[in-house]
Amino acid sequence: MSETRSDGELLRAVAADADRRAFEELYRRYAPWLRARLLGRCADVGVVDDVVQETFLAVWRGKARYREEGDVAGWLWRIGSRRLVDALRGDGARGRLRQALARLRHRDEVSAEERVLAGVEHGDLAGALVRLSPELRAVLQATVIDGLSTREAAVLLGIPPGTVKTRAMRARKQLREALA
């Protein structure tokens, strides 16, 4: 039977040895708590889940260093709350940019959504999907249908994030060609 390590021991093991088990234990201890606390500040579950992941990713990559002052929960809360503010500010800026671009768009121009709907209406989307390789279909399933981020899809599929992006790009290209 293994002995339960303190938070400080876990963090030292993660920082010094990239100890995956220590990291997983730290995540199990604090991720649900951090998620619940962040949900008190932001009702968007997707944003909160991304912030929790980014918080622990910063710990794993060593971008956030614990100085052994105060408790670990407080330290994680500071990281998570700052990342939440950054995420919310970023969404606001992206939203304003999208609105500005939408105002500049010509009214005659067909939107991406209208092109997709026309392809579904006049093309064989189901047939085009079936003709995709299983690897490309799996990436589309994870990112489009399930709504996972590139990182989440990479973990789910057991492939690097760059591979997810490449396969998604190839899948979109093949679908465009099949529906044109």
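What distance in nm lies between label points placed 7 Å from Cα along the C-beta direction at Leu129 and Gln174?
Using points 7 Å along Cα→Cβ, the separation is 1.4 nm.
Once the whole set of protein chains is in place, how much accessible area is left on Asp19, using a 1.4 Å probe, in Å² to the nearest 10?
The value for Asp19 is about 40 Å².
Given a 1.4 Å probe and the protein chains all in place, what does the accessible area of Glu54 round to, in Å² to the nearest 10?
Accessible surface of Glu54 is approximately 60 Å².
Please report Rg (one decimal) and Dmax (integer) in Å for the Cα set of region 21-66.
Rg, Dmax (Cα atoms, Å): 10.8, 31.
Using a 1.4 Å probe and ignoring any ligands, DNA or RNA, find the accessible area of Ile159 and quote it in Å² to the nearest 10.
30 Å²
The values are calculated or read from the model by the stated rules, or taken from the named source; none is laboratory data. Predicted model, so just to flag it, every value in this text is computed and none were measured. Here Cβ is always computed from backbone atoms with ideal geometry, including for glycine, and neighbour counts include all displayed protein chains. In case anyone asks, the SASA skips ligands and DNA or RNA and just uses the protein heavy atoms, side chains included. Shrake-Rupley method; radii C 1.70, N 1.55, O 1.52, S 1.80 Å.
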